[in-house]
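A.B. asks: What follows is a single structure, and I will ask about it in a moment.
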Amino acid sequence: MKDAGDKITPIEPSRKLADAIRDVKNAFADRDDVVVDMREAHRMRLELLAAELAPVFADVPADIDNFDFAVSSGLQPRLWIDAVSHVAMGRDRRTFRFLKARASAAWCWPNPST
């Protein structure tokens, strides 16, 4: 039977704890950059959708103030239609989801269960 100490890989004497911590911080920073890039890509796609819907938004009479038509930033960028309805990116990152909050539950189109 082999000794348990045979499987342990010795740490290089030149490798310092500070170097290892710096490597981990760099890996987290790279991951965070990817998340920010994805969020910006979602926001850009929603802005393109808003630009394509601009003629529809322009048809809404100016005296009706129920609508918002604005792209918001945040953890999940959204194109707000009114106070309770918005468009968000689908889970597949290729489709849009229209969501409307109701008193009983949130309504989503297209329905993710179908």
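A.B. asks: In region 102-114, how many residues are surrounded by fewer than 12 Cβ atoms within 10 Å (Cβ to Cβ) and either under 20 Å from L53 (Cβ atoms) or at pLDDT 80 or above (or both)?
C.D. replies: The qualifying residues number 2.
A.B. asks: Taking the condition at pLDDT below 80, loosely packed, with under 11 Cβ neighbours inside 10 Å and not in a loop (DSSP other than H, G, I, E, B), does V34 pass?
C.D. replies: Yes, satisfied.
A.B. asks: Which of the residues spanning region 67-83 are at negative phi, surrounded by fewer than 14 Cβ atoms within 10 Å (Cβ to Cβ) and in a loop (DSSP other than H, G, I, E, B)?
C.D. replies: Correct list: S73, L75, Q76, A83.
A.B. asks: Quick one: which residue in D68, D63, D82 is modelled with pLDDT under 85, of a type in the set (D, E), more than 12 Å from L49 (Cα to Cα) and out of contact with any Cys (no Cβ under 9 Å at 6 or more places or on another chain)?
C.D. replies: D68
A.B. asks: If you take the residues of region 85-101 that are out of contact with any strand residue (DSSP E or B) (no Cβ under 6 Å at 6 or more places or on another chain) and part of a strand (DSSP E or B), which of them is nearest to A50 (Cα to Cα)? Explain how you work it out, then say what you get.
C.D. replies: If we filter region 85-101 for residues that are out of contact with any strand residue (DSSP E or B) (no Cβ under 6 Å at 6 or more places or on another chain), which is where we start, we get 89, 91-95, 101.
From the residues that got through so far, the ones that are part of a strand (DSSP E or B) too are 89, 101.
Values: M89: 13, A101: 20 Å.
Ranking the candidates gives M89 first.
The values are calculated or read from the model by the stated rules, or taken from the named source; none is laboratory data. Keep in mind that what you see is a predicted model, and the values were worked out from it rather than measured. Heads up, the Cβs are rebuilt from the backbone with ideal geometry, glycines too, and the neighbour counts pull from every protein chain shown.
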